[in-house]
Amino acid sequence: MVLPRSVFLACACGALASPATAVAQQTDLQAWSLVTATVPLSDASRWFVYLEGQARVADDVSRMERLLLRPAAGRNLSASVAVLLGYAWTPTFTNTSYDTDFRSEHRLWQQLVAKHDGGGLTWQHRIRQEQRMIAETSGMSHRTRYLVRASHAPRPGGRIGITGYQELFVTWNTVERGPRAGFDRSRVFVGPFLTSGPVRYEAGYLGEYGRRFGERDRIISALLLSANLTF
């Protein structure tokens with residue numbers, strides 16, 4: 001399937017329009033760091049282990065807001081399709097007003113990833129289903145996430161290029177003192193990448209429009225630095 005380059009540009013430009021129902025908004029400048037590792041269980045096996053650690057510094061890059069530890073077991077169904085089953089611990093350290101307020105969250109998650117080439121770009125599609133167990137809420141929250149990523153290197157197989165993605169989040173049920181059903185957030189990223197051996201480095205701008213547990217929705221502008229290791 002050949003897709004136009006304009007779709008790639010949409011990943012970089014089109015994500016932050018707010019829903020009409022938003023009454024008030026909060027803006028914040030943040031810094032995110034992300035490290036992932038994909039480790040095959042053996043040379044002949046299609047099974048692999050996925051490890052992820054992420055830290056987010058918020059409140060105008062002044063204090064830790066969230067930590068994410070996200071391991072999983074995965075299987076490559078083919079050279080371009082993989083499925084994963086994982087667990088995540090994602091505590092927050094501040095509330096919607098950035099007052100100190102630790103809240104633990106555990107998640108189970110299932111994921112399908114598919115890759116293909118088209119229109120001179122390398123595409124990745126990721127669908128993730130999450131079952132969120134958030135402290136001090138009335139029950140389990142169910143959320144679906146869809147991400148489309150496009151990457152372009154000036155030379156085929158080149159080590160340097162540009163990448164961008166758009167991710168949409170939808171929550172399926174409302175829980176007391178927790179997430180509300182419907183639109184959850186929209187996230188966009190764009191920036192350069194560099195591949196060195198088994199590591200792909202990315203650095204760039206991340207923007208997010210999201211609904212929070214309180215009354216105000218939030219717009220985030222963040223610097224995202226990531227290192228993705230594949231063994």
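The values are calculated or read from the model by the stated rules, or taken from the named source; none is laboratory data. Only a predicted model underlies this, so the values are computations on that prediction, with no experimental measurement involved. FYI the Cβ positions are ideal-geometry reconstructions off the backbone, even for glycines, and counts take in every protein chain you see.
Give all pairs with beta carbons closer than 9 Å in which a residue from the range 190-213 that is more than 15 Å from Ser33 (Cα to Cα) meets a residue that is β-branched (Val, Ile, Thr) and not in a strand (DSSP E or B); count only pairs at least 6 apart in sequence or on separate chains.
Arg212/Thr96; Phe213/Thr96; Phe213/Thr137
Please determine whether any residue of the range 94-101 is among the polar types (S, T, N, Q), at pLDDT 85 or above, surrounded by 15 or more Cβ atoms within 10 Å (Cβ to Cβ) and within 16 Å of the chain's Cα centre (by Cα).
The answer is no; no qualifying residue exists.
Could you grab the pairs with beta carbons closer than 7 Å, sequence gap of 6+ or different chains, first residue in the range 157-180 and under 24 Å from Leu224 (Cα atoms) and of a type in the set (S, T, N, Q), second one surrounded by 13 or more Cβ atoms within 10 Å (Cβ to Cβ) and modelled with pLDDT under 95?
Within 7 Å, the pairs are Gln166/Ala10; Gln166/Cys11; Gln166/Ala15.
From the set of residues in the range 47-76 that are touching a Ser or Thr at 6+ places or on another chain (Cβ under 9 Å) and part of a loop (DSSP other than H, G, I, E, B), which is surrounded by the fewest Cβ atoms within 10 Å (Cβ to Cβ)?
By that ranking, first place goes to Asp59.
Which condition number in (1) in contact with a Phe, Trp or Tyr (Cβ under 9 Å, 6 or more places away or on another chain); (2) assigned to a loop (DSSP other than H, G, I, E, B) is the one that Ser97 fails?
Only one criterion is unmet by Ser97, namely (1).
Looking at the range 8-15, can you tell me whether even one residue there is among the small types (Gly, Ala, Ser) and modelled with pLDDT of 50 or more? Quick ask: steps written out before the conclusion?
Kept after step one, since they are among the small types (Gly, Ala, Ser), are these residues of the range 8-15: 10, 12, 14-15.
Among the residues that remain, those that are also modelled with pLDDT of 50 or more are: none.
Checking the range 8-15: not a single residue is among the small types (Gly, Ala, Ser) and modelled with pLDDT of 50 or more.
Scanning for something at pLDDT 95 or above, closer than 24 Å to Arg70 by Cα, within 20 Å of the chain's Cα centre (by Cα) and not in a strand (DSSP E or B), does the range 149-160 turn up at least one residue?
no
Return yes or no: is Ser221 among the polar types (S, T, N, Q) and farther than 30 Å from Arg155 by Cβ?
Values: among the polar types (S, T, N, Q): yes; farther than 30 Å from Arg155 by Cβ: yes.
Answer is yes for this residue.
Need pairs with beta-carbon distance below 7 Å; first residue among the hydrophobic types (A, V, I, L, M, F, W, C) and within the range 85-102, second loosely packed, with under 13 Cβ neighbours inside 10 Å; sequence gap 6+ or separate chains.
From the range 85-102, the pairs are Phe93/Thr100; Phe93/Phe102.
Going through the range 111-129 one residue at a time, which ones are of a type in the set (S, T, N, Q) and farther than 23 Å from Ala88 by Cβ?
Across the range 111-129, the qualifying residue is only Thr122.
Residues being crowded, with 16+ Cβ neighbours inside 10 Å and not in a strand (DSSP E or B): count how many of those fall in the range 188-231.
The number of residues fulfilling the criteria is 2.
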